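The values are calculated or read from the model by the stated rules, or taken from the named source; none is laboratory data. Because the structure is predicted, anything quoted here is derived from the model rather than measured. Cβ: placed from backbone, ideal geometry, glycine included. Neighbour counts: every protein chain shown.
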Amino acid sequence: MQPYEPRSFSLPPIEGISAKQIEEHLKLYEGYVKRTNALYEAFERLKRNDPDPTLIQEVRRRLGFEFNGMRLHEFYFGDIEHGAASIPDGWLKEAVTASFGSTEALRDALKAVVARGSGWAIVNYDPVGNRFHLNWVDEHHIGQLATLPIVVAVDMWEHAYMVDYTPGEKMRYFDAYWAALNWETIARRASQWRTA
Ligand SMILES: [Fe+2]
(Lines give C-alpha, C1' and ligand atoms only; values in the text may rest on other atoms or scores of the structure.)
Protein backbone atom coordinates (compact mmCIF):
# COMPACT_ATOMS: atom_id res chain seq x y z
CA MET A 1 0.00 0.00 0.00
CA GLN A 2 1.42 3.35 -1.06
CA PRO A 3 1.62 6.03 1.64
CA TYR A 4 -0.40 9.20 1.15
CA GLU A 5 1.55 12.11 -0.31
CA PRO A 6 0.90 15.69 0.79
CA ARG A 7 -0.72 17.72 -1.97
CA SER A 8 0.82 20.98 -3.13
CA PHE A 9 -1.52 23.90 -3.74
CA SER A 10 -1.28 26.83 -6.10
CA LEU A 11 -2.26 29.61 -3.73
CA PRO A 12 -2.30 33.27 -4.70
CA PRO A 13 -1.99 36.07 -2.10
CA ILE A 14 -5.21 36.08 -0.08
CA GLU A 15 -6.73 39.27 1.25
CA GLY A 16 -7.12 38.94 5.01
CA ILE A 17 -5.03 35.77 5.40
CA SER A 18 -1.27 36.30 5.44
CA ALA A 19 1.35 34.24 3.61
CA LYS A 20 2.88 33.40 7.01
CA GLN A 21 -0.48 32.09 8.25
CA ILE A 22 -0.87 29.92 5.15
CA GLU A 23 2.72 28.66 5.43
CA GLU A 24 2.24 27.59 9.06
CA HIS A 25 -1.11 26.02 8.27
CA LEU A 26 0.31 24.00 5.38
CA LYS A 27 2.92 22.57 7.76
CA LEU A 28 0.11 21.38 10.01
CA TYR A 29 -1.68 19.83 7.02
CA GLU A 30 1.47 17.90 6.14
CA GLY A 31 1.56 16.67 9.73
CA TYR A 32 -1.85 15.07 9.27
CA VAL A 33 -0.63 13.28 6.14
CA LYS A 34 2.39 11.99 8.07
CA ARG A 35 0.30 10.88 11.03
CA THR A 36 -2.20 9.08 8.76
CA ASN A 37 0.67 7.17 7.16
CA ALA A 38 2.19 6.51 10.58
CA LEU A 39 -1.09 4.97 11.75
CA TYR A 40 -1.07 2.48 8.89
CA GLU A 41 2.52 1.59 9.76
CA ALA A 42 1.46 1.12 13.38
CA PHE A 43 -1.39 -1.21 12.32
CA GLU A 44 1.08 -3.39 10.45
CA ARG A 45 3.57 -3.41 13.32
CA LEU A 46 0.92 -4.35 15.83
CA LYS A 47 -0.49 -7.09 13.61
CA ARG A 48 2.98 -8.62 13.36
CA ASN A 49 4.11 -8.21 16.95
CA ASP A 50 1.22 -8.04 19.35
CA PRO A 51 -1.27 -10.84 19.81
CA ASP A 52 -3.52 -8.65 21.97
CA PRO A 53 -6.11 -7.01 19.68
CA THR A 54 -6.86 -4.27 22.19
CA LEU A 55 -3.96 -2.07 21.19
CA ILE A 56 -4.71 -2.14 17.48
CA GLN A 57 -8.38 -1.46 18.19
CA GLU A 58 -7.39 1.61 20.15
CA VAL A 59 -4.92 2.80 17.53
CA ARG A 60 -7.60 2.41 14.86
CA ARG A 61 -9.77 4.85 16.74
CA ARG A 62 -7.24 7.53 15.82
CA LEU A 63 -7.82 7.07 12.09
CA GLY A 64 -10.95 9.24 11.89
CA PHE A 65 -9.07 12.15 13.45
CA GLU A 66 -5.89 11.96 11.37
CA PHE A 67 -7.46 10.94 8.03
CA ASN A 68 -10.20 13.56 8.20
CA GLY A 69 -7.62 16.13 9.29
CA MET A 70 -5.71 15.33 6.11
CA ARG A 71 -8.66 15.23 3.75
CA LEU A 72 -10.53 18.27 5.12
CA HIS A 73 -7.42 20.42 4.70
CA GLU A 74 -7.27 19.29 1.06
CA PHE A 75 -10.77 20.69 0.54
CA TYR A 76 -9.82 23.80 2.51
CA PHE A 77 -6.71 24.68 0.49
CA GLY A 78 -7.95 23.18 -2.78
CA ASP A 79 -11.00 25.45 -2.81
CA ILE A 80 -8.92 28.63 -2.68
CA GLU A 81 -6.42 27.64 -5.35
CA HIS A 82 -6.03 29.86 -8.43
CA GLY A 83 -7.82 32.89 -6.91
CA ALA A 84 -11.38 33.73 -5.96
CA ALA A 85 -14.17 33.10 -8.47
CA SER A 86 -17.89 33.69 -8.11
CA ILE A 87 -20.39 30.90 -8.51
CA PRO A 88 -20.99 30.08 -12.18
CA ASP A 89 -24.44 29.57 -13.68
CA GLY A 90 -25.61 25.99 -13.34
CA TRP A 91 -27.42 23.66 -11.01
CA LEU A 92 -25.33 24.46 -7.90
CA LYS A 93 -26.05 28.17 -8.21
CA GLU A 94 -29.72 27.42 -8.75
CA ALA A 95 -29.80 25.10 -5.74
CA VAL A 96 -27.99 27.57 -3.46
CA THR A 97 -30.26 30.38 -4.62
CA ALA A 98 -33.38 28.28 -4.09
CA SER A 99 -32.30 27.22 -0.59
CA PHE A 100 -30.65 30.37 0.74
CA GLY A 101 -31.24 33.21 -1.71
CA SER A 102 -27.54 33.78 -2.50
CA THR A 103 -24.04 32.59 -1.59
CA GLU A 104 -23.79 35.58 0.78
CA ALA A 105 -26.91 34.40 2.61
CA LEU A 106 -25.42 30.90 2.75
CA ARG A 107 -22.25 32.42 4.25
CA ASP A 108 -24.26 34.22 6.94
CA ALA A 109 -26.23 31.08 7.78
CA LEU A 110 -23.00 29.11 8.14
CA LYS A 111 -21.50 31.80 10.37
CA ALA A 112 -24.37 31.37 12.77
CA VAL A 113 -23.54 27.66 13.05
CA VAL A 114 -19.98 28.25 14.19
CA ALA A 115 -20.16 31.51 16.09
CA ARG A 116 -18.91 29.47 19.03
CA GLY A 117 -16.76 26.38 19.06
CA SER A 118 -13.75 25.06 17.20
CA GLY A 119 -13.46 22.44 14.46
CA TRP A 120 -14.93 22.79 10.97
CA ALA A 121 -17.88 24.66 9.52
CA ILE A 122 -19.03 22.48 6.65
CA VAL A 123 -21.67 22.88 3.98
CA ASN A 124 -22.72 19.42 2.84
CA TYR A 125 -25.09 18.52 0.03
CA ASP A 126 -27.35 15.49 0.29
CA PRO A 127 -28.15 14.14 -3.19
CA VAL A 128 -30.68 11.68 -1.70
CA GLY A 129 -32.64 14.26 0.25
CA ASN A 130 -31.86 16.98 -2.31
CA ARG A 131 -30.89 19.52 0.31
CA PHE A 132 -27.95 21.27 1.91
CA HIS A 133 -26.84 20.78 5.49
CA LEU A 134 -24.86 23.30 7.51
CA ASN A 135 -22.78 21.23 9.84
CA TRP A 136 -20.39 21.73 12.72
CA VAL A 137 -17.69 19.07 12.83
CA ASP A 138 -15.88 19.11 16.15
CA GLU A 139 -12.15 18.32 15.85
CA HIS A 140 -12.04 16.66 12.41
CA HIS A 141 -14.32 13.70 12.82
CA ILE A 142 -17.05 14.27 15.36
CA GLY A 143 -20.33 15.06 13.67
CA GLN A 144 -19.44 14.11 10.10
CA LEU A 145 -22.53 13.30 8.05
CA ALA A 146 -22.06 9.87 6.47
CA THR A 147 -21.65 9.82 2.67
CA LEU A 148 -22.56 13.49 2.14
CA PRO A 149 -20.29 15.33 -0.26
CA ILE A 150 -18.64 18.54 0.88
CA VAL A 151 -19.53 21.83 -0.76
CA VAL A 152 -17.31 24.00 1.44
CA ALA A 153 -15.18 23.17 4.49
CA VAL A 154 -14.04 26.13 6.60
CA ASP A 155 -11.33 25.42 9.15
CA MET A 156 -12.34 27.10 12.40
CA TRP A 157 -9.52 25.72 14.53
CA GLU A 158 -7.53 28.52 16.12
CA HIS A 159 -4.40 27.40 14.27
CA ALA A 160 -6.12 28.49 11.04
CA TYR A 161 -6.15 32.19 11.99
CA MET A 162 -4.06 32.90 15.12
CA VAL A 163 -1.09 34.30 13.15
CA ASP A 164 -3.41 37.04 11.84
CA TYR A 165 -6.29 37.38 14.30
CA THR A 166 -7.20 37.12 17.96
CA PRO A 167 -9.86 34.58 18.99
CA GLY A 168 -12.37 37.42 19.20
CA GLU A 169 -11.70 38.28 15.56
CA LYS A 170 -12.49 34.78 14.29
CA MET A 171 -15.38 35.90 12.12
CA ARG A 172 -13.11 38.32 10.22
CA TYR A 173 -10.99 35.33 9.30
CA PHE A 174 -14.13 33.39 8.31
CA ASP A 175 -15.17 36.24 6.00
CA ALA A 176 -11.67 36.40 4.46
CA TYR A 177 -11.65 32.67 3.73
CA TRP A 178 -15.16 32.77 2.28
CA ALA A 179 -14.24 35.69 0.01
CA ALA A 180 -11.24 33.70 -1.28
CA LEU A 181 -13.30 30.68 -2.38
CA ASN A 182 -13.07 29.62 -5.98
CA TRP A 183 -16.67 28.64 -6.74
CA GLU A 184 -15.71 27.35 -10.19
CA THR A 185 -13.72 24.60 -8.46
CA ILE A 186 -16.62 23.91 -6.12
CA ALA A 187 -19.19 23.86 -8.94
CA ARG A 188 -17.00 21.46 -10.95
CA ARG A 189 -16.90 19.08 -7.98
CA ALA A 190 -20.64 19.49 -7.45
CA SER A 191 -21.43 18.57 -11.04
CA GLN A 192 -20.97 14.93 -9.99
CA TRP A 193 -23.69 15.07 -7.35
CA ARG A 194 -26.69 16.12 -9.36
CA THR A 195 -29.29 13.38 -9.27
CA ALA A 196 -32.07 14.81 -11.44
FE1 LIG B 1 -6.29 23.44 9.96
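Go through GLU104, GLU158, GLU184 for me and flag whichever is among the acidic types (Asp, Glu) and farther than 23 Å from ARG7 by Cα. Step through it out loud before you land on a result.
Values: GLU158 fails: farther than 23 Å from ARG7 by Cα; GLU184 fails: farther than 23 Å from ARG7 by Cα.
Exactly one residue qualifies, and that residue is GLU104.
Considering only residues that are assigned to a loop (DSSP other than H, G, I, E, B) and surrounded by 15 or more Cβ atoms within 10 Å (Cβ to Cβ), which ones fall in the stretch 163-196?
Matches in the stretch 163-196: VAL163, ASP164, TYR165, LEU181, TRP193.
How many residues does the stretch 1-58 hold that are modelled with pLDDT of 90 or more and basic (Lys, Arg)?
Residues in the stretch 1-58 being modelled with pLDDT of 90 or more and basic (Lys, Arg): 5 in total.
One residue is enough: does the stretch 125-142 have a residue meeting the conditions outside any loop (DSSP other than H, G, I, E, B), within 16 Å of the ligand (Cβ to nearest atom) and within 24 Å of LYS20 (Cα to Cα)?
First, pick out the residues of the stretch 125-142 that are outside any loop (DSSP other than H, G, I, E, B): 125-126, 131-138, 142.
Among the residues that remain, those that are also within 16 Å of the ligand (Cβ to nearest atom) are: 136-138, 142.
Retained after the next criterion (residues that are within 24 Å of LYS20 (Cα to Cα)): none.
Looking for residues that are outside any loop (DSSP other than H, G, I, E, B), within 16 Å of the ligand (Cβ to nearest atom) and within 24 Å of LYS20 (Cα to Cα), one finds none in the stretch 125-142, hence no.
Among the candidates LEU11, LEU28, single out the residue that is within 30 Å of MET171 (Cβ to Cβ), surrounded by fewer than 16 Cβ atoms within 10 Å (Cβ to Cβ), within 16 Å of the ligand (Cβ to nearest atom) and in contact (Cβ under 8 Å) with a residue 60 or more places away in the chain.
LEU28
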